Structure formats: structure tokens, C-alpha cells
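Visitor: Supplied in C-alpha cells, the structure appears directly below.
The values are calculated or read from the model by the stated rules, or taken from the named source; none is laboratory data. Since the model is a prediction, treat every value here as computed from it, not as a measurement. For neighbour counting, all protein chains shown are included, and Cβ atoms are generated from backbone atoms with ideal geometry for every residue, glycine included. Each accessible area value is taken on the protein alone, full model and side chains, heavy atoms only, with ligands, DNA and RNA left out. Shrake-Rupley method; radii C 1.70, N 1.55, O 1.52, S 1.80 Å.
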Amino acid sequence: MLTLHHLETSRSHRILWLLEELGVPYELRRYQRDPATRLAPPELKKIHPLGKSPVLTDGELVVAESGAILEYLAECYGAQAPAQLAHLEPARGTPAHRQCRFWMHYAEGSLMNWLVMQLVFDSIPRQPMPFFVRPVARALCAGVQEKLIQPNVQAALAFMENHFAQHRWFAGEHLSLADFQMSFAVEAALARGAAASTWPHLHAYLQRIQARPAYQQALAKGGPVLPAW
């Protein structure tokens, strides 16, 4: 039996969505974040030494990291997937396969780094600190956001917007693993004030994802994708 160890408002939603699309039997174990630190609970370390989510168990096998889990599911269960997932793993050597591989790595190798930094530097000035330190922290964080983080986030949004001006999905014309891997990052990027009028193709892409019945089923079972920032 497959078991997904799912942490609320986390990248784990990617895996839950794919499981719903595949239609394979699985057990969902939900974990809540620590209300003070917003970190994963220590119980997850009993499943995997890093104590992170998502983690998938398949019998005695334990698989961690979103990309590795997505690839494992496609490898082991993709053959029995519905016909609309026939291109989950595009054929090797094709343009679609190269696109899929790029976006699978881009999600965590480039884009999420800037989004996490954006969240961290936005939250620092709101942390408890002496009143005379707060203006300094606020000015420092604003400077980092303006000069480093925002230019890179905007460049990423423009890059994806241009892609969806020409393609329906990340790997081309068909849904693939890249869409599951990139979904969390796209939703996080657009949630922080990226207007639909500025990025219409990217917003349309997110709406296509969110309209899928399997995506909605994943939301119903796993809760919101993002925290209430």
C-alpha cells in the first residue's frame, strides 16, 4: 500500500495531486505544522531522517524529495494511468522530454530558492525584536527584496509567461511530470501579488490546473496548498 506522509501547506500537494490523477489506492497521513515555528512536527523524522514532507512509503521502501517521488510514481504506476496521462513521462530524445527535464530541475534548482527568500525576507521585520532594531531590519530586508529578490522573481515570471504564450503545458501540448513539479512554485509565485493583467498566460495555466477534478480532490483531502500569508 502506498502511503503519502503529507504536511499541510507544503510541496506535498504535488504528490497528492498526482496520486489522485493516477487513481491508485493510497493512504494519506496528514501532519500539522508547529503553530509557533511553522516547521514540520518531529513525528516525520520517524518516517525519514530529514523529517521533511513529502515522503512516500511503498511497503518497506521510503522515497523522499518531490521530484524523486513523482518519478517513482510514474515509473511504477504510470503504465496503468488513464489515457490523458499518456505523456506523463515524454519519450526520451523528444523536445517534450527535454522540456520536461528542464522544468523538473528548474522548479527546485532555481525558482523555489527565490520564492523562499522572498518569504523569509518578508517575514523577518514581523518577528519579535527590540523596537529600535525594527527600522533597521525593515530597511535591510526591503533593500534585499528590491535589489536582489524581486528582479529574479520578476524574471522568472516573465520567463514562464513567455513559455505559456506558446505552449499549453510545461512540456508542450500534454500534461507531464513537469506540471506536477512546477505547480507549487507557480501557485506560490502568483499568490504574492502577481496580477493577472500582467501575467495572463501564467494565470490561465494555473486555472487549467485548478480546474482538474484530481487537483480539486487533492485540495479536499490535503487542505490548502499555501499558507495564509
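Visitor: Note down all Cβ pairs under 7 Å where the first residue falls in the range 40-63 and is over 17 Å from Glu75 (Cα atoms) and free of Cβ contacts under 8 Å to residues at least 60 places away in the same chain, the second is part of a strand (DSSP E or B) and open to solvent by 60 Å² or more (accessible area, probe 1.4 Å), and they're at least six residues apart or on different chains.
Guide: Ile47/Val62; His48/Val62
Visitor: Would you confirm, using the coordinates I've provided, whether Ala196 is touching a helix residue (DSSP H, G or I) at 6+ places or on another chain (Cβ under 9 Å), among the small types (Gly, Ala, Ser) and not in a helix (DSSP H, G or I)?
Guide: yes
Visitor: May I ask you to list the residues in the range 159-182 that are surrounded by fewer than 18 Cβ atoms within 10 Å (Cβ to Cβ) and either within 17 Å of Asn113 (Cβ to Cβ) or within 16 Å of the chain's Cα centre (by Cα) (or both)?
Guide: Within the range 159-182, Phe159 is the sole residue that qualifies.
Visitor: Right, next: Please verify whether the range 122-142 includes one or more residues that are aliphatic (A, V, I, L, M) and closer than 23 Å to Leu190 by Cα.
Guide: yes
Visitor: Suppose we keep only residues that are free of Cβ contacts under 8 Å to residues at least 24 places away in the same chain and polar (S, T, N, Q) within the range 80-131. Which one would you say is nearest to Gly143 (Cα to Cα)?
Guide: The residue in question is Ser123.
Visitor: What's the number of the condition Ala185 fails, among (1) surrounded by 16 or more Cβ atoms within 10 Å (Cβ to Cβ); (2) farther than 27 Å from Glu75 by Cα?
Guide: (2)
Visitor: Just checking, how many residues over the range 42-52 are part of a loop (DSSP other than H, G, I, E, B) and open to solvent by 20 Å² or more (accessible area, probe 1.4 Å)?
Guide: So the count comes out to 5.
Visitor: Now a separate question. Does any residue of the range 153-172 turn out to be of a type in the set (Lys, Arg) and free of Cβ contacts under 8 Å to residues at least 24 places away in the same chain? Spell out the reasoning first.
Guide: Start the filter on the range 153-172 by keeping residues that are of a type in the set (Lys, Arg), which leaves 168.
Imposing the further condition that a residue be free of Cβ contacts under 8 Å to residues at least 24 places away in the same chain reduces the set to none.
Within the range 153-172, none of the residues are of a type in the set (Lys, Arg) and free of Cβ contacts under 8 Å to residues at least 24 places away in the same chain.
Visitor: Can you say whether Pro95 is surrounded by fewer than 17 Cβ atoms within 10 Å (Cβ to Cβ) and more than 21 Å from Glu173 (Cα to Cα), as far as the supplied structure shows?
Guide: Answer is no for this residue.
Visitor: Something else now. Return yes or no: is Val153 under 23 Å from Ala214 (Cβ atoms), of a type in the set (A, V, I, L, M) and open to solvent by less than 20 Å² (accessible area, probe 1.4 Å)? If you could, list the steps in order and put the result at the bottom.
Guide: On the way: under 23 Å from Ala214 (Cβ atoms): no; of a type in the set (A, V, I, L, M): yes; open to solvent by less than 20 Å² (accessible area, probe 1.4 Å): yes.
Criteria not met by Val153.
Visitor: It is to be established whether one or more residues within the range 4-16 are over 20 Å from Pro227 (Cβ atoms) and either assigned to a helix (DSSP H, G or I) or at pLDDT 95 or above (or both). First the steps, then the outcome.
Guide: In the first step, residues of the range 4-16 are kept if they are over 20 Å from Pro227 (Cβ atoms); the result is none.
The answer is no; no qualifying residue exists.
Visitor: Step by step: first the residues of the range 10-39, then only those that are free of Cβ contacts under 8 Å to residues at least 12 places away in the same chain and open to solvent by 70 Å² or more (accessible area, probe 1.4 Å), then the one that is farthest from Gln84 (Cα to Cα). Which residue is that?
Guide: Ala36
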